[in-house]
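This report concerns only the one structure given below.
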Amino acid sequence: MTSQFDVRTDDIQQTTDFSDVRDLHAFWHASQGAALPDLDVFAPLLASPMIDRTMLMLRRDDSLVYERVGSRVVQLFGHDPTGRMLSALTNPEASTFRPLYQSVLESGKPALGLHGRVGPGAIGMTERLVLPIRRGGQSGLLCYLRPREDATNVLRALIEVSADGIAVLNATRDETGRITDFIISAVNTEMARRLRASAEALVGSSIQKFWPSLGKIGLLERFARAVDSQISDVFDTSYEVHGQIVERQLRLSPHGEGLTLTGVDIGPTLAASRAISRQHADLIKANELLEMRALDLMASYQSLEQTTHTLREEIQRNRTLEAELVHLAHHDSLTGLPNRSYFEQCFEEKLKQMNRARRRAALCVLDLDHFKDINDSLGHDAGDKVLKEISDRLRRTIRKSDVMGRLGGDEFAVVLTNARDIADASTAVRRMLDAVSRPFSVKGHDVPISLSAGVAIFPADGRTFGELMADADIAVYRAKRAGRGRTVFFQPSMRDDAERRYSLLKALRLALDAGQIMPVYQPLIDIRTGRLAGFEALARWLHPERGLLAPAAFAETFEEPDIAQALTRAMMRRVLGDLASWRQRGITVRVNMNVTAFDLRNPGFADEMEAQLHQQGLTTSQLGIEVTETTILSRDAERIEATLHDLRRHGFSIALDDFGTGYASLSHLRRLPVNSLKIDRSFITDLEQDPKTMAIVRSIIELAAALDLEIIAEGVETRSQLDAVSALGCPIIQGYLIAQPMQGDQVPPFVDEFIASVSSQRWRVA
């Protein structure tokens, strides 16, 4: 275990992560007066749950005595020092904090101690606010402790108890960009045991130092390939470790330049499988011997008929056991369907038959939509019941000549033999989807079930199991992207699209890491006053080769939760940085920015946003949140609505973007905490030519006025469009007519020129 210790006195409010630490620090200053605050001033605190994180020490002679120690502090220390003198404690942490306590007593000023610990059992930082106080004629210290490491300890504990070896590695590259080694950044106890070293010795070291054969047996190259491709990998392997051959299943999970390595010991499982095979052979041999003996006994000894009958029963039991063992090796224990390996074997046999007969076949991969939600809300036992019900329903829809299996998790596959054409396969798949989608109840809850299906045709799309499975997987991914609950047939162009999309995802992840995602700002003008109403922050990708790209060039990657949330974080950092920079120049404006459904599903999103604003010295009134109609109508709408209410309670304004293009009803406007509506630019473009569009825009403006909502017209590009929206009573406009979107450093000159010049009056409409 290693420790780091830092003390802050002048910037406590900016340093701490916790609002209660800031509040307690501010309360001390407010209560100080001409002398140190009396302990009685803090009586409300000591009567609240905060007392669990508080300890009181009073000066006695030349030392301090622990008068009161809260339960959470005792838990953090690992012992209860109540009643003991500080000078009598010999543990390292007590020694570390003695100078801090002495300094606070002498200076009479508060201090914040940051105690960081890194080791196999804990990783994190503990904050310790030390306040000088008095009680009667005694001086003393009131300390408040907040650890930042709770979640990390829980996660570390979970990893530590795993029977699998787990290590987190970071790639190191040479000057050409090729991965040459990996540095160990974390290991659990099991992995340290396998590498025959302590966790402290392993962390920060090259993995090849403790696993020198890694490159020789080809594993280093495979680790590097997983990081470069950002594709997880699972494979079985065997190799020599300290003179002993071990059999492992290695699971590689890349995350940027990092790689999580999990080593599962499959030696016992493989040994059991080999034992079953030997037992199988022994049973067959025993059956043969028993049958020969029975025949001999029947011919020679009629008196032994009863013995022969008993032997025959034993043979039958052996045969039954043999059949059960074979079935267990080939079938999924939950659904009874062929498992992936046996399904592949049966599929290959069917392909040979279809090839000899020159007939077509179709491979259909079926993926259960939103299965994780079922497990999360109703439990894994309910999820198992759903999987069994789905397998039973699918069985009833296929022909005897078809082959069905469970590939794993919530994924099934069916080989439709003798599929004459796409129409024939489509009919069969539709029959399966309809059968599965019938109502189903688990634990008194109606569970909506739907499947997304991807279909590949033999021999047009592929001739082997691997080729057809890859094509069907691409098709099922397309089905999920298209809205789930539907069937997509593989097309060769999809393979190119999958490769292109993978390349785009990889490039955008690198762009996020490199800080190439940046905001540009488009002003909003209040045409009633001619004043600047704020800006909207629009995402741009500063591509090193293609220049500044609008979101349309990479919008399809927003469907990936990690990409969407990383983009929001990147935009938030840049926007808040610009707001803080403008404030230093005396410019205080509101900026609106878009967030995604993935952000709003996070229960702590509103708190995180507010905390980031406060870190920059900003208020929630300076940042507006824009959401689209499709976002509020997406899956988990109740969670999204709750987050929107949290944002409003914190003081953020909420704008409903692209209004009129989705399917939001009036009930949504009544229920959601929306401040403003933004008329989609498509309506403004057609406003002058289409009377129906004019009527729709007028209705939206009147609706907003009736609901006391601010209304904004997007995409105003001509003077005639400005006159049209003004005539309809829309007060705020946004578009190229005002200004092109500009970078953050261009905003202050624009604002100065806008305010100083009479040009701002050109937007005012009487």
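Things to note:
- Hits in the range 89-102 - residues which are open to solvent by 60 Å² or more (accessible area, probe 1.4 Å) and assigned to a helix (DSSP H, G or I): 92, 98, 99, 102
- Residue count for the range 216-227, restricted to those that are open to solvent by less than 60 Å² (accessible area, probe 1.4 Å) and under 17 Å from residue 170 (Cβ atoms): 6
- Matching option when the condition is open to solvent by less than 40 Å² (accessible area, probe 1.4 Å), on the phi > 0 side of the Ramachandran plot and either among the charged types (D, E, K, R) or in contact with a helix residue (DSSP H, G or I) (Cβ under 6 Å, 6 or more places away or on another chain) (or both), among 530, 534: 530
- Of the criteria (1) touching a residue at least 60 places away in the same chain (Cβ under 8 Å); (2) assigned to a loop (DSSP other than H, G, I, E, B); (3) open to solvent by less than 10 Å² (accessible area, probe 1.4 Å), which one residue 460 fails: (3)
- Scanning the range 468-511 for residues that are touching a Ser or Thr at 6+ places or on another chain (Cβ under 8 Å), more than 30 Å from residue 542 (Cβ to Cβ) and in a helix (DSSP H, G or I) returns 476, 479, 480.
- Among the residues of the range 54-75, those identified as open to solvent by less than 50 Å² (accessible area, probe 1.4 Å) and closer than 15 Å to residue 128 by Cα are 54, 55, 56, 57, 69, 70, 73, 74.
- Taking first residues from the range 262-279 that are within 26 Å of residue 162 (Cβ to Cβ) and free of Cβ contacts under 8 Å to residues at least 60 places away in the same chain and partners that are open to solvent by less than 60 Å² (accessible area, probe 1.4 Å) and in a strand (DSSP E or B), the Cβ contacts under 7 Å between residues at least 6 apart in sequence or on separate chains come to 266/247; 266/248; 266/249; 267/246; 267/247; 270/247.
- Qualifying residue in the range 420-431 (condition: within 29 Å of residue 329 (Cβ to Cβ), surrounded by fewer than 21 Cβ atoms within 10 Å (Cβ to Cβ) and not β-branched (Val, Ile, Thr)): no
- Number of residues in the range 57-111 that are closer than 21 Å to residue 29 by Cα, among the hydrophobic types (A, V, I, L, M, F, W, C) and under 45 Å from the mean Cα position of the chain (by Cα) equals 4.
- Filter pass, residue 281 being more than 20 Å from residue 513 (Cα to Cα), open to solvent by less than 70 Å² (accessible area, probe 1.4 Å) and not in a strand (DSSP E or B): yes
- Residue that is modelled with the lowest pLDDT, among those in the range 290-325 that are under 47 Å from the mean Cα position of the chain (by Cα), of a type outside the set (Asp, Glu) and surrounded by 13 or more Cβ atoms within 10 Å (Cβ to Cβ): 325
- Subset of the range 1-55 [among the basic types (Lys, Arg) and not in a helix (DSSP H, G or I)]: 8
- Residues that are under 28 Å from the mean Cα position of the chain (by Cα) and β-branched (Val, Ile, Thr) were ranked within the range 432-457; the one that is surrounded by the fewest Cβ atoms within 10 Å (Cβ to Cβ) is 442.
- Any hit, the range 636-647, residues being free of Cβ contacts under 8 Å to residues at least 12 places away in the same chain and loosely packed, with under 14 Cβ neighbours inside 10 Å: yes
- Restricting the range 463-482 to residues that are open to solvent by 50 Å² or more (accessible area, probe 1.4 Å) and more than 29 Å from the chain's Cα centre (by Cα), the residue that is farthest from residue 412 (Cα to Cα): 463
- Check on residue 509, surrounded by fewer than 17 Cβ atoms within 10 Å (Cβ to Cβ), out of contact with any Cys (no Cβ under 6 Å at 6 or more places or on another chain) and of a type in the set (Lys, Arg): no
- The C-beta contact set for the range 165-192 (first residue under 18 Å from residue 218 (Cβ atoms) and of a type in the set (A, V, I, L, M), second residue part of a loop (DSSP other than H, G, I, E, B) and open to solvent by 30 Å² or more (accessible area, probe 1.4 Å), distance under 7 angstrom, 6+ apart or interchain) comprises 171/257.
- Residues satisfying the stated conditions in the range 574-632, i.e. part of a helix (DSSP H, G or I), of a type in the set (D, E, K, R) and open to solvent by 30 Å² or more (accessible area, probe 1.4 Å): 574, 578, 583, 607, 608, 610
- Only one of 198, 232, 253, 238 that is open to solvent by 40 Å² or more (accessible area, probe 1.4 Å) and in contact with a Gly (Cβ under 9 Å, 6 or more places away or on another chain): 238
- Residue ID - surrounded by the most Cβ atoms within 10 Å (Cβ to Cβ), chosen from residues in the range 241-250 that are assigned to a strand (DSSP E or B) and without any contact (Cβ under 8 Å) to a residue 12 or more places away in the chain: 245
- Close contacts from the range 587-613, counting a first residue that is among the basic types (Lys, Arg) and a second that is in a helix (DSSP H, G or I) and surrounded by fewer than 17 Cβ atoms within 10 Å (Cβ to Cβ), with Cβ to Cβ under 8 Å and a gap of 6+ residues or different chains, come to 590/621; 601/639.
- Qualifying positions in the range 492-528 - within 30 Å of residue 362 (Cα to Cα) and touching a Lys or Arg at 6+ places or on another chain (Cβ under 9 Å): 494, 497, 498
- Within the range 371-380, considering residues that are crowded, with 17+ Cβ neighbours inside 10 Å and within 20 Å of the chain's Cα centre (by Cα), the one farthest from residue 445 (Cα to Cα): 371
- With respect to the stated conditions, residue 22 fails to be within 17 Å of residue 127 (Cβ to Cβ), at pLDDT below 90 and of a type in the set (Lys, Arg).
- Residue in the range 311-333 that is within 27 Å of residue 448 (Cβ to Cβ) and either among the basic types (Lys, Arg) or out of contact with any strand residue (DSSP E or B) (no Cβ under 6 Å at 6 or more places or on another chain) (or both) present: yes
- Residue within the range 656-668 that is among the aliphatic types (A, V, I, L, M), farther than 20 Å from residue 702 by Cβ and either modelled with pLDDT of 95 or more or open to solvent by less than 40 Å² (accessible area, probe 1.4 Å) (or both) present: no
- Pair list, Cβ under 8 Å, 6 or more apart: the range 292-320 residue touching a residue at least 24 places away in the same chain (Cβ under 8 Å) and over 25 Å from residue 280 (Cβ atoms), other residue in a helix (DSSP H, G or I) and open to solvent by less than 100 Å² (accessible area, probe 1.4 Å): none
The values are calculated or read from the model by the stated rules, or taken from the named source; none is laboratory data. Since the model is a prediction, treat every value here as computed from it, not as a measurement. Please note: Cβ atoms are built from the backbone with ideal geometry, for glycine as well, and neighbour counts cover all protein chains shown. Note: accessible area is taken over every heavy atom of the protein model, side chains too, but ligands, DNA and RNA are not part of it. Shrake-Rupley method; radii C 1.70, N 1.55, O 1.52, S 1.80 Å.
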